[in-house]
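*Asks:* Handing you a structure now.
Derivation of every value follows stated rules applied to the coordinates shown; laboratory data play no part. Quick caveat: nothing in here was measured; it's all calculated off a predicted structure. Cβ placement follows ideal geometry from the backbone for every residue including glycine, while neighbour counts extend to all protein chains displayed.
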Amino acid sequence: MKQLVIAEKPSVAKDLAKALGGFKTNKAGYFERDDMILSSALGHLVELYLPGDIDKKYKFWTLKNLPILPEKFQLKPIEKSAERFHFLKKLMERSDVSGLINACDAGREGELIFAYLCELANCKKPTQRLWLSSMTPDAIRDAFAHLRSAESMQSLEAAARCRSEADWLVGINGTRAVTGRMMGNRSKDVASVGRVQTPTLALICEREQAIRDFKPTPFWTLEGTFKLHSGTYTGWLQRPNFKKQQEGDRSDRFWQESETQALITQLNSLTPTDWVVKDTQKPSKTAAPRLFDLTSLQRTCNQRFGYSAKFTLDMAQSLYEKHKALTYPRTDSRALPEDYGPTCINILRKLGGAYAPLATKVIEHHWVNPRSKIIFNNKAISDHFAIIPTEIVPKELKESERKVYDCVVRRFIAAFFPPAEFSTTTRLTTQAGLTFKTEGKLLVQPGWLEVTGKPESKEDLPALTPDDQGHATSEAFQVHADETRPPARFTEATLLTSMEHAGQQVEDAEWAEAMKERG
């Protein structure tokens, strides 16, 4: 008897056959050996009934027929993929097939593709789940040696069905209702409504409305230039006993031009050499950023390269499937399994080129710490762990693939480096109750910034030396006019962040608490 393995797409089936070995290619395009048949879907092959399939009256968009609430969601083959569906159905029905292995993508959508396929084919044979987080040959063989039970996947399948049916209910009813109300039932235009797209559009509309409603408020700042023996620096005059009283209020902003003009007159009357200087230094550390999940990778690639979220996903998917160079990209986890330390060391050893000295440094200093809950934490992992490189180093990549791969590799290496250390200096330059504030930040130890690159730091302050005797000389004072600015329009990166934290914008206390409890 044989097991029928169904992958999500032909390229994956080919990789599975190559890793397992011993298969012959059938004329019909599937792989077969003594104990196994290996074939694939073409993505989604099955879809939910459309309203017109449920009842002919629903083919006409009228408000009186809403809402459409099926007692049971029925399935049908997608028209363009029907031939593939019937082909797989015949394989399922073969008398020598005793069970199935779901090898569709290891996630919610892969679970749905297989579940819908089996339901419509009325296949009752026992199933197991192949769960892959990497497409390397070793990872494939290991996953086949540790197949998951169908029972263990029931919650994920239920979540997938819930998502699919919720999209149908909101999309079908919402689109028909809004289109009918806004445009009339005979309009050829459609007002699309979706479970995700409509709340996201609302975020954009609310931000745009805030921008259009914004009334700029003028303000003035006062800059002073001072001289020490070691060089010159600038500072900003501070309002005494500052307390924030309005939106956009800051300690160096003056809301009346007449006030700054009076201050200029007062400043010019003071003795230039009598400014007292006091420095306060404060050390600080910044830990390495956490490993990537899909959203943070998309956000980073949008900020650095201008890539859209979809384009970044496509490149990561190619690096996962085609090049076997990254782990599964569709993850919302930013940690690794607690037993993954040795694997990380092995991956670091395989990295070459510009990565080799950095990876070697991690290994030689024993910086891979299995006790680090920031990196290794089973409780912080959902279906898949964070996106990291595999032991396979790709040789030929497109420029866009190379950039995404470089982001992931450097983030992976940087995660093991020590924190970056800074020294922040706050300088107060004071005379006659008037105080100018200057801040400087000095990188003391680069730590993980050695891997990702050092950011542009604030202007280094000229040192206060014994020759200055704690005093500076004023050289010039200048008033700058400006105005408050509206919130910025969304970029893909900032929109992704807002979508990720949308639950924090819920104003209803009961709903907010419910969302907090359910994550």
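*Asks:* Taking the Cα centre of the chain as origin, sum charge times position over the Cβ atoms of Lys and Arg (+1) and Asp and Glu (-1), and report the length of that vector in debye to the nearest 20. Display every interim value, and only then the final one.
*Replies:* Details: 72 positive and 66 negative charges, 343 e Å.
I would put it at about 1640 debye.
*Asks:* Starting from the amide H of I392, placed 1.01 Å from N in the peptide plane, find each other amide H under 5 Å away whose residue is 5 or more places distant or on another chain.
*Replies:* none
*Asks:* Separate question: Applying a 10 Å radius around every beta-carbon, put 205-213, 34-42 in order of their mean neighbour count, most first. Please list the in-between numbers first.
*Replies:* Numbers: 205-213: 11.7, 34-42: 19.0.
Those peptides, ordered most packed to least, come out 34-42, 205-213.
*Asks:* Please identify every one of the trypsin sites (Lys or Arg not before Pro) in segment 219-297 that sits in a loop by DSSP and has no more than 10 other beta carbons within 10 Å of its own beta carbon. The partial results should precede the final answer.
*Replies:* Working: sites: K227, K243, K244, R250, R253, K278, K285, R290; in loops: K243, K244, R250, R253, R290.
When the trypsin sites (Lys or Arg not before Pro) of segment 219-297 are filtered for loop state and at most 10 Cβ neighbours within 10 Å, K243, K244 remain.
*Asks:* Order 129-140, 428-439, 407-418 from most to least packed using the mean count of other Cβ atoms within 10 Å.
*Replies:* Numbers: 129-140: 19.8, 428-439: 16.8, 407-418: 22.6.
Per-residue Cβ counts within 10 Å, averaged per peptide and sorted highest first, yield 407-418, 129-140, 428-439.
*Asks:* Looking at segment 78-112, which trypsin sites (Lys or Arg not before Pro) are DSSP coil and have at most 13 other C-beta atoms within 10 Å of their C-beta? Numbers along the way, then the final one.
*Replies:* Numbers: sites: K80, R84, K89, K90, R94, R108; in loops: R94.
Of the trypsin sites (Lys or Arg not before Pro), the ones in loops of segment 78-112 whose Cβ has at most 13 other Cβ atoms within 10 Å are R94.
*Asks:* Determine, for each peptide in 15-24, 142-151, the mean count of other beta carbons within 10 angstrom over its residues, then list the peptides with the highest first.
*Replies:* Working: 15-24: 16.2, 142-151: 13.4.
Going by the mean number of other Cβ atoms within 10 Å, highest first, we get 15-24, 142-151.
*Asks:* Using +1 on the beta carbon of Lys and Arg, -1 on that of Asp and Glu, and nothing else charged, what's the dipole of segment 300-452 about the Cα centre, debye to 20?
*Replies:* Details: 21 positive and 15 negative charges, 45 e Å.
Charge dipole of segment 300-452: 220 debye, to the nearest 20.
*Asks:* I would also like to ask the following. Relative contact order (percent) for the chain, with alpha-carbon contacts under 8 angstrom and 6 or more residues of separation? Don't skip to the answer; put the middle values down first.
*Replies:* Values: 847 pairs, mean separation 84.2, N = 519.
Relative contact order here is 16 percent.
*Asks:* Let me check I've understood the local charge: for M92, count other residues with C-beta under 12 angstrom from its C-beta, Lys and Arg +1, Asp and Glu -1. What total comes out?
*Replies:* Numbers: positive: K2, K89, K90, R94, K124, K125; negative: E93, D96, E119.
Overall, the nearby charge balance is +3.
*Asks:* Only helical DSSP H runs with n ≥ 4 go in: add -39500 (n - 2.57) per run for the chain, normalise by residue count and round the 222 nm mean residue ellipticity to 500 deg cm²/dmol. Before the final figure, lay out the partial values.
*Replies:* Values: 16 runs with 190 residues, N = 519.
Rounded to the nearest 500, the figure is -11500 deg cm²/dmol.
*Asks:* In µm²/s, what is D for the chain at 10 °C and 1.306 mPa s, where D = kT/(6 pi eta Rh) by Stokes-Einstein and Rh is the Kirkwood radius from Cα pairs? Show your work: numbers first, answer last.
*Replies:* Values: Rh = 28.4 Å.
Approximately 56 µm²/s, per Stokes-Einstein.
*Asks:* Between segment 197-235 and segment 101-166, what is the separation of their alpha carbon centroids in Å?
*Replies:* When both Cα centres are located, 50 Å separates them.
*Asks:* For segment 61-69, just list the computed ³J(HN,Hα) in residue order, Karplus coefficients 6.51, -1.76 and 1.60, θ = phi - 60°, integers in Hz, with x standing in for Gly and Pro.
*Replies:* Once rounded to whole Hz, the list reads 7, 10, 5, 5, 8, 9, x, 9, 10.
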